[in-house]
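Written out below as C-alpha coordinates is the structure these notes cover.
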Amino acid sequence: MKIILLGPPGAGKGTQAKKLAQKLGLPHISTGDILRQNVSQSSGLGKEAQGYMTKGELVPDQLVTSMLIDRLKQPDCLNGFILDGYPRNLAQAKTLNEVFQNMGIDASLVIYLDASENIIIQRICGRLVCKKCQANFHVTNMPPKKEGICDYCRAELYQRVDDTQDTVKNRLNVYHKETSGLIEYYRQKGNFYTLNADEDADIVLSQMFELVQKTNGSAKIQS
Ligand code: ADP
Ligand code: ZN
(Lines give C-alpha, C1' and ligand atoms only; values in the text may rest on other atoms or scores of the structure.)
(Ligands and ions follow the chains in the order given, each with its own letter.)
Protein backbone atom coordinates (compact mmCIF):
# COMPACT_ATOMS: atom_id res chain seq x y z
CA MET A 1 0.00 0.00 0.00
CA LYS A 2 1.58 3.27 -1.10
CA ILE A 3 -0.61 6.14 -0.04
CA ILE A 4 -0.07 9.76 -1.02
CA LEU A 5 -1.84 12.44 1.01
CA LEU A 6 -2.53 15.77 -0.66
CA GLY A 7 -4.07 18.88 0.81
CA PRO A 8 -3.36 22.35 2.15
CA PRO A 9 -1.38 22.97 5.34
CA GLY A 10 -3.68 22.44 8.31
CA ALA A 11 -5.96 19.98 6.51
CA GLY A 12 -4.85 17.31 8.97
CA LYS A 13 -2.45 15.32 6.79
CA GLY A 14 0.03 14.79 9.61
CA THR A 15 -2.56 13.90 12.24
CA GLN A 16 -4.38 11.48 9.95
CA ALA A 17 -1.24 9.97 8.45
CA LYS A 18 0.10 9.12 11.90
CA LYS A 19 -3.13 7.42 12.95
CA LEU A 20 -3.58 5.58 9.66
CA ALA A 21 0.06 4.47 9.70
CA GLN A 22 -0.42 2.98 13.14
CA LYS A 23 -3.62 1.22 12.11
CA LEU A 24 -2.05 -0.26 8.98
CA GLY A 25 1.42 -0.91 10.41
CA LEU A 26 3.06 1.22 7.73
CA PRO A 27 5.68 3.96 8.15
CA HIS A 28 4.45 7.55 8.06
CA ILE A 29 6.85 9.56 5.93
CA SER A 30 6.46 13.28 6.46
CA THR A 31 9.00 15.44 4.66
CA GLY A 32 8.11 18.28 7.07
CA ASP A 33 8.86 16.07 10.11
CA ILE A 34 12.18 14.89 8.63
CA LEU A 35 13.15 18.48 7.80
CA ARG A 36 12.23 19.70 11.30
CA GLN A 37 14.31 16.88 12.78
CA ASN A 38 17.26 18.04 10.69
CA VAL A 39 16.72 21.62 11.83
CA SER A 40 16.63 20.62 15.49
CA GLN A 41 19.83 18.60 15.08
CA SER A 42 21.47 21.47 13.14
CA SER A 43 22.52 19.09 10.36
CA GLY A 44 23.83 20.50 7.08
CA LEU A 45 20.44 19.91 5.50
CA GLY A 46 18.70 21.47 8.50
CA LYS A 47 20.81 24.62 8.22
CA GLU A 48 20.02 24.95 4.53
CA ALA A 49 16.30 24.28 4.98
CA GLN A 50 15.60 26.37 8.07
CA GLY A 51 15.25 29.79 6.43
CA TYR A 52 12.77 28.55 3.84
CA MET A 53 10.68 26.74 6.42
CA THR A 54 10.45 29.69 8.80
CA LYS A 55 9.12 31.86 5.98
CA GLY A 56 6.72 29.18 4.75
CA GLU A 57 8.52 28.80 1.42
CA LEU A 58 9.28 25.47 -0.19
CA VAL A 59 12.70 24.02 0.50
CA PRO A 60 14.52 23.56 -2.85
CA ASP A 61 13.57 20.36 -4.66
CA GLN A 62 17.00 18.80 -4.82
CA LEU A 63 17.40 18.93 -1.02
CA VAL A 64 13.99 17.49 -0.23
CA THR A 65 14.04 14.90 -3.00
CA SER A 66 17.36 13.29 -2.10
CA MET A 67 16.25 13.25 1.54
CA LEU A 68 13.02 11.50 0.55
CA ILE A 69 14.74 8.96 -1.68
CA ASP A 70 17.09 8.01 1.18
CA ARG A 71 14.07 7.46 3.41
CA LEU A 72 12.18 5.35 0.85
CA LYS A 73 15.21 3.07 0.53
CA GLN A 74 14.91 2.03 4.18
CA PRO A 75 13.70 -1.57 4.60
CA ASP A 76 10.57 -0.57 6.53
CA CYS A 77 9.19 0.96 3.31
CA LEU A 78 9.19 -2.35 1.43
CA ASN A 79 5.56 -3.16 2.22
CA GLY A 80 4.34 0.36 1.68
CA PHE A 81 4.20 3.76 3.31
CA ILE A 82 2.08 6.84 3.81
CA LEU A 83 3.56 9.91 2.18
CA ASP A 84 2.69 13.28 3.74
CA GLY A 85 4.06 16.56 2.40
CA TYR A 86 5.60 15.21 -0.80
CA PRO A 87 5.07 15.88 -3.68
CA ARG A 88 4.48 19.60 -3.30
CA ASN A 89 4.93 20.75 -6.90
CA LEU A 90 4.80 19.26 -10.38
CA ALA A 91 8.56 18.64 -10.56
CA GLN A 92 8.39 16.62 -7.34
CA ALA A 93 5.38 14.64 -8.63
CA LYS A 94 7.31 13.75 -11.78
CA THR A 95 10.36 12.78 -9.76
CA LEU A 96 8.19 10.61 -7.54
CA ASN A 97 6.82 8.81 -10.59
CA GLU A 98 10.36 8.02 -11.68
CA VAL A 99 11.33 6.89 -8.19
CA PHE A 100 8.29 4.61 -8.07
CA GLN A 101 9.09 3.25 -11.54
CA ASN A 102 12.67 2.50 -10.50
CA MET A 103 11.43 0.72 -7.40
CA GLY A 104 8.89 -1.19 -9.51
CA ILE A 105 5.92 0.21 -7.58
CA ASP A 106 3.03 2.58 -8.11
CA ALA A 107 0.99 4.77 -5.79
CA SER A 108 -1.97 2.61 -4.82
CA LEU A 109 -4.07 5.40 -3.39
CA VAL A 110 -4.07 9.19 -3.48
CA ILE A 111 -6.25 10.94 -0.90
CA TYR A 112 -6.92 14.66 -1.09
CA LEU A 113 -7.92 16.22 2.23
CA ASP A 114 -9.96 19.26 1.28
CA ALA A 115 -10.36 21.88 3.99
CA SER A 116 -11.72 25.43 4.06
CA GLU A 117 -9.47 28.37 4.74
CA ASN A 118 -11.03 29.60 8.01
CA ILE A 119 -10.77 26.10 9.48
CA ILE A 120 -7.16 25.76 8.30
CA ILE A 121 -6.12 28.99 10.00
CA GLN A 122 -7.91 28.12 13.23
CA ARG A 123 -6.26 24.68 13.28
CA ILE A 124 -2.75 25.86 12.50
CA CYS A 125 -2.69 28.77 14.92
CA GLY A 126 -3.69 26.49 17.83
CA ARG A 127 -1.51 23.56 16.88
CA LEU A 128 0.94 22.01 19.35
CA VAL A 129 3.55 19.47 18.31
CA CYS A 130 5.49 16.93 20.38
CA LYS A 131 9.24 17.59 20.40
CA LYS A 132 10.01 13.90 20.45
CA CYS A 133 7.39 11.88 18.52
CA GLN A 134 5.95 14.79 16.44
CA ALA A 135 2.35 13.95 17.45
CA ASN A 136 -0.02 16.85 16.81
CA PHE A 137 -2.44 18.37 19.33
CA HIS A 138 -4.60 21.49 19.36
CA VAL A 139 -5.20 23.86 22.28
CA THR A 140 -8.99 23.54 21.98
CA ASN A 141 -9.88 20.95 19.29
CA MET A 142 -7.54 18.18 20.45
CA PRO A 143 -5.99 19.21 23.77
CA PRO A 144 -3.41 16.91 25.38
CA LYS A 145 -4.54 15.19 28.60
CA LYS A 146 -1.91 17.16 30.53
CA GLU A 147 -1.17 20.71 29.43
CA GLY A 148 2.06 21.04 27.45
CA ILE A 149 2.83 17.30 27.60
CA CYS A 150 2.50 14.65 24.86
CA ASP A 151 -0.12 11.95 25.61
CA TYR A 152 1.95 9.31 23.85
CA CYS A 153 5.56 9.83 24.94
CA ARG A 154 5.32 12.42 27.77
CA ALA A 155 7.74 14.78 26.00
CA GLU A 156 7.20 18.54 25.85
CA LEU A 157 4.87 20.17 23.29
CA TYR A 158 5.86 23.27 21.30
CA GLN A 159 4.44 25.62 18.70
CA ARG A 160 6.06 25.42 15.26
CA VAL A 161 7.83 28.65 14.21
CA ASP A 162 5.84 28.64 10.96
CA ASP A 163 2.47 28.26 12.71
CA THR A 164 1.82 32.00 12.96
CA GLN A 165 -0.94 33.95 11.24
CA ASP A 166 1.42 35.71 8.78
CA THR A 167 3.40 32.63 7.82
CA VAL A 168 0.22 30.60 7.42
CA LYS A 169 -0.98 33.12 4.82
CA ASN A 170 2.26 32.69 2.90
CA ARG A 171 2.06 28.89 3.20
CA LEU A 172 -1.46 29.04 1.76
CA ASN A 173 -0.24 31.22 -1.13
CA VAL A 174 2.58 28.80 -1.84
CA TYR A 175 0.08 25.94 -1.68
CA HIS A 176 -2.26 27.57 -4.21
CA LYS A 177 0.59 28.50 -6.52
CA GLU A 178 2.73 25.36 -6.37
CA THR A 179 0.81 22.44 -4.92
CA SER A 180 -2.92 22.67 -5.67
CA GLY A 181 -2.35 21.83 -9.36
CA LEU A 182 -1.37 18.33 -8.27
CA ILE A 183 -4.99 17.60 -7.44
CA GLU A 184 -5.90 17.58 -11.14
CA TYR A 185 -2.68 15.76 -12.02
CA TYR A 186 -3.45 12.86 -9.68
CA ARG A 187 -7.19 12.88 -10.40
CA GLN A 188 -6.35 12.09 -13.99
CA LYS A 189 -3.95 9.31 -13.02
CA GLY A 190 -6.72 7.47 -11.13
CA ASN A 191 -7.10 5.94 -7.64
CA PHE A 192 -7.79 9.45 -6.46
CA TYR A 193 -10.31 10.32 -3.74
CA THR A 194 -11.36 13.58 -2.12
CA LEU A 195 -12.47 13.75 1.53
CA ASN A 196 -14.01 16.69 3.34
CA ALA A 197 -11.34 17.44 5.94
CA ASP A 198 -13.46 20.08 7.69
CA GLU A 199 -15.11 17.13 9.42
CA ASP A 200 -13.95 15.88 12.82
CA ALA A 201 -10.66 13.98 12.77
CA ASP A 202 -12.35 10.68 13.75
CA ILE A 203 -14.78 10.86 10.84
CA VAL A 204 -12.00 11.64 8.34
CA LEU A 205 -9.88 8.79 9.69
CA SER A 206 -12.66 6.23 9.33
CA GLN A 207 -13.36 7.43 5.79
CA MET A 208 -9.69 7.08 4.97
CA PHE A 209 -9.66 3.58 6.36
CA GLU A 210 -12.70 2.66 4.27
CA LEU A 211 -10.87 3.86 1.17
CA VAL A 212 -7.86 1.74 2.05
CA GLN A 213 -10.02 -1.32 2.51
CA LYS A 214 -11.83 -0.67 -0.76
CA THR A 215 -8.53 -0.35 -2.61
CA ASN A 216 -6.75 -3.16 -0.84
CA GLY A 217 -9.06 -5.84 0.53
CA SER A 218 -6.31 -7.43 2.62
CA ALA A 219 -5.63 -4.35 4.80
CA LYS A 220 -5.87 -5.30 8.44
CA ILE A 221 -6.21 -3.17 11.54
CA GLN A 222 -3.16 -3.54 13.79
CA SER A 223 -4.50 -2.23 17.07
P1 ADP B 1 2.27 21.89 6.41
O2 ADP B 1 1.71 20.88 5.46
O3 ADP B 1 1.42 22.08 7.61
O4 ADP B 1 2.67 23.19 5.77
P5 ADP B 1 4.81 20.39 6.63
O6 ADP B 1 5.30 19.89 7.91
O7 ADP B 1 4.37 19.41 5.61
O8 ADP B 1 3.62 21.37 7.04
O9 ADP B 1 5.89 21.34 5.95
C10 ADP B 1 6.54 22.38 6.65
C11 ADP B 1 7.55 23.08 5.77
O12 ADP B 1 8.57 22.16 5.36
C13 ADP B 1 7.02 23.65 4.45
O14 ADP B 1 6.47 24.92 4.60
C15 ADP B 1 8.28 23.65 3.59
O16 ADP B 1 9.13 24.73 3.91
C17 ADP B 1 9.00 22.39 4.03
N18 ADP B 1 8.64 21.22 3.18
C19 ADP B 1 8.01 20.08 3.59
N20 ADP B 1 7.85 19.23 2.57
C21 ADP B 1 8.40 19.83 1.48
C22 ADP B 1 8.54 19.48 0.10
N23 ADP B 1 8.07 18.30 -0.37
N24 ADP B 1 9.16 20.34 -0.73
C25 ADP B 1 9.63 21.52 -0.29
N26 ADP B 1 9.52 21.93 0.99
C27 ADP B 1 8.92 21.10 1.87
ZN1 ZN C 1 5.27 12.56 21.80
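The values are calculated or read from the model by the stated rules, or taken from the named source; none is laboratory data. Please read all numbers here as calculations on a predicted model, not as lab measurements. We place every Cβ from the backbone using ideal geometry, glycine too, and count neighbours over all the protein chains shown. Note: accessible area is taken over every heavy atom of the protein model, side chains too, but ligands, DNA and RNA are not part of it. Shrake-Rupley method; radii C 1.70, N 1.55, O 1.52, S 1.80 Å.
Calculated translational diffusion coefficient of the stretch 72-136 (25 °C, 0.890 mPa s; Stokes-Einstein with Kirkwood radius over alpha-carbon pairs) equals 167 µm²/s. Going by accessible surface with a 1.4 Å probe and the largest first, HIS176, HIS28, HIS138 read HIS176, HIS28, HIS138. Surface composition of the stretch 137-223: carbon plus sulfur atoms contribute 47% of the solvent-accessible area (1.4 Å probe, protein chains only, all chains present).
For the stretch 44-136, trypsin sites (Lys or Arg not before Pro) meeting the loop criterion (DSSP other than H, G, I, E, B) and having at most 14 other Cβ atoms within 10 Å: LYS73, LYS131, LYS132. Calculated accessible area for the stretch 1-72 comes out at 39 Å² per residue, all protein chains present (probe 1.4 Å; ligands, DNA, RNA ignored). The mean of 1/r over all distinct Cα pairs in the chain, once inverted, gives the Kirkwood hydrodynamic radius of 17.8 Å. Taking Cα centre as origin and charging only the Cβ of basic (Lys, Arg, +1) and acidic (Asp, Glu, -1) residues, the dipole magnitude of the stretch 1-74 rounds to 360 debye.
At a Förster radius of 25 Å, what calculated FRET efficiency corresponds to the Cβ-Cβ distance of LYS169 and ASP202, to the nearest 0.05? Display every interim value, and only then the final one.
Working: r = 29 Å, r/R0 = 1.15.
Approximately 0.30, to the nearest 0.05.
For the chain, the relative contact order works out to 32 percent when only alpha carbon pairs closer than 8 Å and six or more residues apart are counted. Of the residues ARG154, ARG36, ARG187, ranked by 1.4 Å probe accessible area with the largest first, the sequence reads ARG154, ARG187, ARG36.
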